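Quick notes on the structure that follows.
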Amino acid sequence: MGQIGSSRPLFTEILFPSGPPKDNVETQQAFDLYKIMVERSEALVARRQNVNTFFLTMNGALLTASGLIVQGSGGSRLAALGIFVLAVAGAVLCGAWRSLITSFGQLNRGKFHVINAIERYLKASIYAAEWEALGRGEDPKVYRSFTSREIWVPNALLILHILTALVALLVIVGCIALGTVGSTP
């Protein structure tokens, strides 16, 4: 039985189906593709920032709505149900956000794999040199990926939403009573 993927062409065969650049014209064509890949990488970063802004805004709105419900409810079970729904929505948003952050990181890594491969045929390999200067990402004291840090925000908000949902659920089932000071449930 043959290996799955054993018939897959090598990365460089896909990138350069006619072989590596052989003359100045082909090198210029490779450089033009290189510039496109760098521009697409920058566009991906901008899109990623917009996605992060969207999810931060949505989470802020959900948390604000939960706070307003708590402030005006006096700890009622109906209010707890509303908070529970908002917390579950927030948890779902955080899961989607985490997934998108991971995908953006993978896409950008792929783009830089292509960029670094094209750089081998140019006079300077600035991105490959930068990656080497950062220790190829092997030592977190020298370099830690943006994705690994960026994921902290949805993780923290996910924990907050889960805790909020649990407290709301405990109020709904009557295990705890939340109310104003001096009032009875």
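Miscellaneous remarks
- Linear extension gain, W131 paired with Q28, 0.36 nm per residue minus alpha-carbon span: 34.7 nm
- Net lengthening on full extension, S18/Y143 (0.36 nm per residue, minus Cα-Cα): 41.4 nm
- Using C-alpha pairs under 8 Å with a sequence gap of at least 6, the mean separation divided by the residue count of the chain gives a relative contact order of 31 percent.
- The fewest-to-most ranking of V85, V114 by surrounding Cβ atoms within 10 Å reads V85, V114.
- Here the simple spin-label model places points 7 Å from the Cα toward Cβ, and for I176 and A124 these points are separated by 5.9 nm.
- Applying a length cut-off of 20 Å (Cα extent along the axis) and a mean Kyte-Doolittle floor of -0.5 to the DSSP H helices of the chain leaves 24-73, 77-119, 152-172.
- Legend: ranking of residues S18, S73 from fewest to most surrounding C-beta atoms inside 10 Å; resulting order S18, S73.
- Neighbour counts of other Cβ atoms within 10 Å put H161, H113 in the fewest-to-most order H113, H161.
- Alpha-carbon centroid distance for the pair segment 90-137 / segment 65-80, whole angstrom: 44 Å
- Label of the coordinate-derived value, Rg/Rh (Cα atoms, Kirkwood Rh), listed as (1) 1.00; (2) 1.22; (3) 0.95: (2)
Coordinate-derived values only; no laboratory data. This structure is a prediction, so every number in the text was calculated from the model and none was measured. Here Cβ is always computed from backbone atoms with ideal geometry, including for glycine, and neighbour counts include all displayed protein chains.
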